[in-house]
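Written out below as structure tokens is the structure these notes cover.
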Amino acid sequence: MTSVFPPPRPGLPRVVALLATLVFLALAANNAHELFRTRLYEIDDEAADTLLVHDARDGRALTGHYSRWGFRHPGPAFFYCYAAGEALFYDALGWVPTPFNAQLLAVLALQAGFFAMALGICASWLPPATARIFLCLALVLATCWFANGGSNGAFLSVWPAEVLALPLLCLLAASASVAAGGGNHLPAVLVAGGFLVHGHVAQPLFVVPLTLLGYGGLILKTWPQAPWRRFPRAHVVAAGLLALFLLPLALDALRAGESNLAAILRHLREHHGERKKLVRSVWYFLQFGADGFLYPRSAAFGHFTGAEMTAYARLHWRAYALWTLALAMGAGGLWRAARGGFARRFGALLGAAVLLTLFWGTRQDGDMFYFNAFFNSALWFALALPAAWATAEFLAARFASNARTLSLATLLIFILCAAVAVNADRWRVHTFDEDSLRAMQDNIVQALALDEAVAGSRQKLLVFTQDDWPVAAAVAVRLERLGCQPLVEDDWEIMFSRHRTVSAHPGGTAQSATLWRIVPAHGENAGGDSDALPLPYGMRLARGPSSQRIDPAKEDSINFQQGGNAPSFVCYGWSGPEADAVTGESWSWSYARNALLAFRTATVAADVEMVIEAEPLSLPQFGVPQQRIELVFNGQPLGGYTLSKNAQIVVVRLPVALWNARPEDARLAFYFPDAASPAALGAGTDARLLGGAFRAVRFRLAAPTPAPEN
């Protein structure tokens, strides 16, 4: 049987709108309690991304989600969508109890639109009766796949790893339609491609070839007439969309060497990560077709030996048997399709996408984590679509003489799909312990009230360790929603954005911002403050410096060596202790131009001498012979000092009034104007911006100043 595919029928907007509405309502109803009644809050990546949503609401978001490789993904399209969701569903309509609930509604609407556009475009190339059956079968397949396997968060997650699947599905369908002569679908290519490129740095690898293949097919289809003359309106809209998606990338590029684009290009140019063999990439892709489908998802990816691969295939043979059957049916449908029709173009582009993802697997830097390629779930779903339209063609031909039977079968299939979707637990919003997050919200409100009671600043300097950033990001989100300014050290710019770093707020911010420490509830680094408030993940929020006091009368010190007490006083700017393997001597490097210590002080009756013991980064042969240090204590500049190989001790006299000025929150700020990176100088591999290797900062009562002689 040969099927002749006519040009895409009109009425696509109505089909897409209806299908998107049905999907949106079904999933919203399935999550009604979570979305409309439960106060949901962010933590981890969701909190870091909400900071970008706040930037989008202010119109200054230019980049996307952070990457573990030290840059951000290219663009903010998803975050402007979430910002629009907050403005509509939370601010204007008041449908949801928190802004994050509104973000989830926004992503559901967006992904339902991509999904509906993909299926609607496929259906537009089929006769009406066949199209209805195809849509119902595709909905059943989507329910079985996205709810029970693949990326089950494709519709209801704002996690950047999961939001790419349905735009990629839409790009495939729209590009195939354009290649087959459906030039009016060109704007859909630009929308899906724009979100993909903004969403992940690897997506241009898919978007550019698939778009060019689709448009190349359109040129061949309309030759000798130019495509833009045949479809002028579609080209004008596509050009406008292209300009819109390129705008934030262009604005970022204006920052030249400081831009995110420059960081991405630098990584591509300089990073020489592990390259995987093709067989590992093939198995990596095959795992997305089985894990989570009939079986729980595997704990590890990309590290299978030959024996483990064989065992994996034996364990998942049922899933692969189903896929083999689906692929055989789909291949038969493609073979029967008319030469040059949409079905064959779809198959060709899908094959190209699979080859591209195999290439992507061989080029991944580092471990092949599952979340690196969640978009593969869209490719697996697309592999099943040819089987759906082949089955739809068969059923339409079989029941063509009985329209009533055909309509009834279509209705029953749709009801089955809806019933499975509504009862699918994996198609529900699953978030972190909400009781803990709600308690966190209440505790932050309480902490702000305590700050206001002592005239605390609306700027909050967040101090936390590398492992505790998920909680710090959650605290930062809540502070901004409560009208405060969270500040972090410059080293966290990649995750918190530049305008939330200390250096972006000159004029003594490090001295005036209220100090909030995020510390473990238990262990050697636990905050000992009795009024510290509970946070998730076993953390606590401690306001102000450590409860330990520095008493010059006892010659107390801040020790930066191994086992020292410096972690209790460091706000930012110092790495952890390092030791010489031979001598055992240890120290802590300052690794930024700015560094800050905060501590409580014991009241004294005389001036205080501060003794800084540190060795400078000294590389005379590279133009760095010594290190200058500029000091500020309690907002008062103390002047500049020099560390050299011959002078590794700095003694500074602090007037008694200055020492006693802030007994509950003294601040000692350091600035290293000559700090340098050995790696950047070609003097080693250490990429940190090093200033001094600190051993201790000691405090003692100063000897009385001699009276002047007559």
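The values are calculated or read from the model by the stated rules, or taken from the named source; none is laboratory data. These figures come from a predicted structure and were not determined experimentally. Glycine gets a Cβ as well: all are built from the backbone with ideal geometry, and neighbour counts include every protein chain shown.
Observations on the model:
- Residue match in the stretch 116-134 (condition: buried (at least 22 other Cβ atoms within 10 Å of the Cβ) and within 19 Å of Ala161 (Cβ to Cβ)): no
- Within the stretch 651-685, the set of residues being within 33 Å of the chain's Cα centre (by Cα), surrounded by 15 or more Cβ atoms within 10 Å (Cβ to Cβ) and free of Cβ contacts under 8 Å to residues at least 40 places away in the same chain comprises Ser677 only.
- Unmet criterion (only one of (1) outside any helix (DSSP H, G or I); (2) more than 29 Å from Asn376 (Cα to Cα)) for His235: (1)
- Counting the residues of the stretch 613-646 that are touching a Lys or Arg at 6+ places or on another chain (Cβ under 6 Å) and among the hydroxyl-bearing types (Ser, Thr, Tyr) gives 2.
- Of all residues in the stretch 1-59 being part of a helix (DSSP H, G or I) and in contact with a Gly (Cβ under 7 Å, 6 or more places away or on another chain), the one that is modelled with the lowest pLDDT: Leu12
- Only one of the listed residues (Asp451, Asp442) is assigned by TED's automatic domain parsing to the domain that holds Met539 and either under 29 Å from Phe633 (Cβ atoms) or touching a residue at least 40 places away in the same chain (Cβ under 8 Å) (or both). That residue is Asp451.
- Here Leu19 does not qualify as farther than 30 Å from Thr222 by Cβ, in contact with a helix residue (DSSP H, G or I) (Cβ under 7 Å, 6 or more places away or on another chain) and not basic (Lys, Arg).
- Selection within the stretch 82-110 - free of Cβ contacts under 8 Å to residues at least 24 places away in the same chain and assigned to a helix (DSSP H, G or I): Ala84, Leu88, Phe89, Tyr90, Asp91, Ala92, Ala102
- The sole residue among Leu169, Leu141, Leu137, Leu156 that is in a helix (DSSP H, G or I), under 27 Å from Gly85 (Cβ atoms) and in contact (Cβ under 8 Å) with a residue 60 or more places away in the chain is Leu169.
- The stretch 586-605: number of residues that are closer than 30 Å to Ala703 by Cβ and touching a strand residue (DSSP E or B) at 6+ places or on another chain (Cβ under 7 Å): 12
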